[in-house]
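The values are calculated or read from the model by the stated rules, or taken from the named source; none is laboratory data. Because the structure is a prediction, the values reported are computed rather than measured. With ideal geometry, Cβ positions are generated from the backbone for all residues, glycine too; neighbour counts draw on all protein chains shown.
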Amino acid sequence: MERLADEGMKFTQAYACALCSPSRVSLMTGLNAARHAVTNWTLRKDKSPDWKHPKVQPPAWNVNGLSPVPGVERTVHAVTLPMLLRQAGYRTIHAGKAHFGAKGTPGEDPRNLGFDVNIAGHCAGGPGSYHGKNNFSAAWRKGDRIWDVPGLEKYHGKDVNLTEVLTIEANEAVNRAVADGRPFYLYMSHYAIHAPWETDDRFYEKYAGAGLNKFHATYASMIEGMDKSLGDIMANVKRLGIERETIVVFMSDNGQPSQAARNLPLRGHKLTPYEGGTRVPMMVKWPGVTPPGSVCRDYVIIEDIFPSFLEMAGVEGVRQVGGTIDGVSFVLLLKQKAGHPRGDRAIFWHFPHTYDQPPYSSVRKGDWKLICQHADARLELFNLKEDISEQNDLSAEEPEKLREMAELLSGHLRETRARMPLNKATGQPVAYPNELLDQARS
């Protein structure tokens, strides 16, 4: 990762959703989470993972995920990025974690979503096991077999790690595309560093020997395995003689999990509305375009991947189902040219759920960020330039900015027809942020 940053552009303010399925659907479609309504993680058809909450309950969200065809209940039907790249002549390769659609729906198989090749992707967002000796299955710990990683039977019983296996298979798929004279899109999506926390035995002893406890040594070994994978893929691209023609983008789909040490000075972790939940690493190497060792401090969000990749590939005139694409291409930022909306643009998050966290919606525009905590009917306002750790709530001190940001967020929620949590006492949707201010004033 450090070498990729040295050879390309590092983004210091890249954002995803605070958890996996919403981020992945946004990347695939260019839609903001409030619009596509896959706002929590998916797995079983029609079954939400939400917990009970004393004050609120989640709305009817798209629990079955992304669908390539209309008419599948509780899904978002959309044209996907790999569909469009395949139409443009690319061989589209999926490797690793898919997590696009629930079990028993079309979206569970990446090949239905525009990928020519699917390596080990299915409905689940984590593996049964990272170890070949466990057949990448949850059976060894008497877990639910829905987590078992499919399609890697030739590695069963072997002393290999899932991260390494996915890298080998992805490189072989790239080799075949190049041998066939085909441009390719590789969506290399590791299961690591998702639970279950299992050692990558290639690296674990180094961290245990350095004094880390078992969890953190395990977590570090999983990160290094993923890091080595990135290096192996870049080395293969160089070996094939296509390094100057290949764009490499590295990004995470959410912040670090709550079990890990905090990514200080950021507040919060995966699933939370704070920067630790949504601000993620991102590096882009585009030979001849991104200056080596450059840094971009403008913010981008994961739905921007969709129009950016299409522009990089020369695909024009794309229309999404429903007519709206929320993402904005960041190609001008990569080229360091004027014209990107930069700080004038608002970006949004929406989590109307009771899984792990109470429900919230939030917006950032410029240096300002507003969080609406729906269960408590409470607004938080932060200036990220002065307070990156989000410790100083300015909602009482900046009433004009509070109103401006509340109107902005409320407008977005209404325009996207966002599914709002329900107030258990009334059975009605919770108030929009600007309505909370109106209620306080009256």
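Quick check: anything in the range 31-49 of a type in the set (D, E, K, R) and farther than 30 Å from Cys372 by Cβ?
The answer is yes, given that some residue of the range 31-49 is of a type in the set (D, E, K, R) and farther than 30 Å from Cys372 by Cβ.
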Report whether or not Glu380 is of a type outside the set (Lys, Arg) and either without any contact (Cβ under 8 Å) to a residue 24 or more places away in the chain or crowded, with 22+ Cβ neighbours inside 10 Å (or both). yes
Output yes when any residue across the range 418-434 is crowded, with 20+ Cβ neighbours inside 10 Å and under 21 Å from Gly276 (Cα atoms), and no when none is. no
Report yes if Val289 is of a type outside the set (Ser, Thr, Tyr) and part of a loop (DSSP other than H, G, I, E, B), otherwise no. yes
Flagged in the range 30-81 as hydroxyl-bearing (Ser, Thr, Tyr) and in contact with a Leu (Cβ under 7 Å, 6 or more places away or on another chain), in numbering order, are Thr75, Thr80
Tell me whether the range 351-367 contains one or more residues that are part of a strand (DSSP E or B), in the same structural domain as Asn434 (by TED's automatic domain parsing) and either surrounded by fewer than 18 Cβ atoms within 10 Å (Cβ to Cβ) or among the basic types (Lys, Arg) (or both). yes
Please list, ordered by first then second residue, the pairs with beta carbon atoms under 7 Å, 6 or more apart or interchain, first in the range 143-167 and among the polar types (S, T, N, Q), second not in a loop (DSSP other than H, G, I, E, B). Asn161/His131; Asn161/Gly225; Thr163/Gly225; Thr163/Met226; Thr163/Ser229; Thr167/Ser229; Thr167/Asp232; Thr167/Ile233
One residue from Asp304, Asp298 being in a loop (DSSP other than H, G, I, E, B), acidic (Asp, Glu) and not assigned by TED's automatic domain parsing to the domain that holds Asp367: Asp298
Filter the range 181-202 for residues that are under 22 Å from Arg262 (Cα atoms) and either over 22 Å from the mean Cα position of the chain (by Cα) or not hydrophobic (A, V, I, L, M, F, W, C) (or both) and give the result. His190, Tyr191, His194, Pro196, Glu198, Thr199, Asp200
Residue among Leu408, Leu413, Leu436, Leu402 that is within 14 Å of Pro352 (Cα to Cα), at pLDDT 95 or above and in a helix (DSSP H, G or I): Leu413
Please go through the range 125-156 and pick out each residue that is outside any loop (DSSP other than H, G, I, E, B) and buried (at least 19 other Cβ atoms within 10 Å of the Cβ). His131, Gly132, Asn134, Ala138, Trp147, Tyr155
The range 235-279, residues that are outside any loop (DSSP other than H, G, I, E, B) and either of a type in the set (Val, Ile, Thr) or over 17 Å from the mean Cα position of the chain (by Cα) (or both): Ala235, Asn236, Val237, Lys238, Arg239, Glu243, Arg244, Glu245, Val248, Val249, Thr278
